[in-house]
Amino acid sequence: MSTQGREPSEEELRAAYQAERLRVEHVLLDNVAALANLGMRRTGLAPGTESERDPAQVRLAIESLRALMPVLEQAAPSQVAAIRDAVSQLQMAYVRIGGQAPATAPGEAQTPAAGAPPSEPPPAPGEPGPAERSGRLWVPGQ
């Protein structure tokens, strides 16, 4: 929770706790933002952050954010779309820097990540795909 663009002091946090103005979902959202921002920084794609590239840290940020999605849907539903967008951007950046899904052992089936929707078979040629069947238009940034 930032106060006028700066982090609150310990005294301000203590006063907020005592006044019951600070809620758990506020702290949760602050931590989600910190995870997303740090994960993006660890991609090393922003000018001046090239030496900070750490795909393992990016992956950890992505998996942590994905694990929190069910909680966020309950605690802060109005923020979920923006958080999903941030996770998507982080995932694209991860792939861009060469990050890959974990390899599976020979003969072991690769299972979807926690929170991932079940995969469906690809549509037959000429049939509409899942995006077309939904009737919804995806617009970047929304």
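The values are calculated or read from the model by the stated rules, or taken from the named source; none is laboratory data. Nothing here was measured: the structure is a model prediction, and the numbers come from that model. Positions of Cβ are generated from backbone atoms using ideal geometry, with glycine treated the same way; all protein chains shown enter the neighbour counts. Just so you know, the surface numbers come from the protein's heavy atoms only, side chains and all, with ligands and any DNA or RNA stripped out. Shrake-Rupley method; radii C 1.70, N 1.55, O 1.52, S 1.80 Å.
Observations
- Residue 65 open to solvent by less than 40 Å² (accessible area, probe 1.4 Å) and either in contact with a helix residue (DSSP H, G or I) (Cβ under 8 Å, 6 or more places away or on another chain) or touching a residue at least 12 places away in the same chain (Cβ under 8 Å) (or both): yes
- Residue 124 meets all of the listed conditions (1) modelled with pLDDT of 90 or more; (2) surrounded by fewer than 11 Cβ atoms within 10 Å (Cβ to Cβ) but one, namely (1).
- Residues of the range 44-62 that are on the phi > 0 side of the Ramachandran plot and surrounded by 16 or more Cβ atoms within 10 Å (Cβ to Cβ): 44 alone.
- Count of the range 38-75 residues which are under 14 Å from the mean Cα position of the chain (by Cα) and closer than 13 Å to residue 28 by Cα: 9
- Hits in the range 68-79 (condition: in a helix (DSSP H, G or I) and surrounded by 15 or more Cβ atoms within 10 Å (Cβ to Cβ)): 68, 69, 72, 75, 79
- Single condition residue 43 does not satisfy, out of (1) at pLDDT 90 or above; (2) in a helix (DSSP H, G or I); (3) among the hydroxyl-bearing types (Ser, Thr, Tyr): (2)
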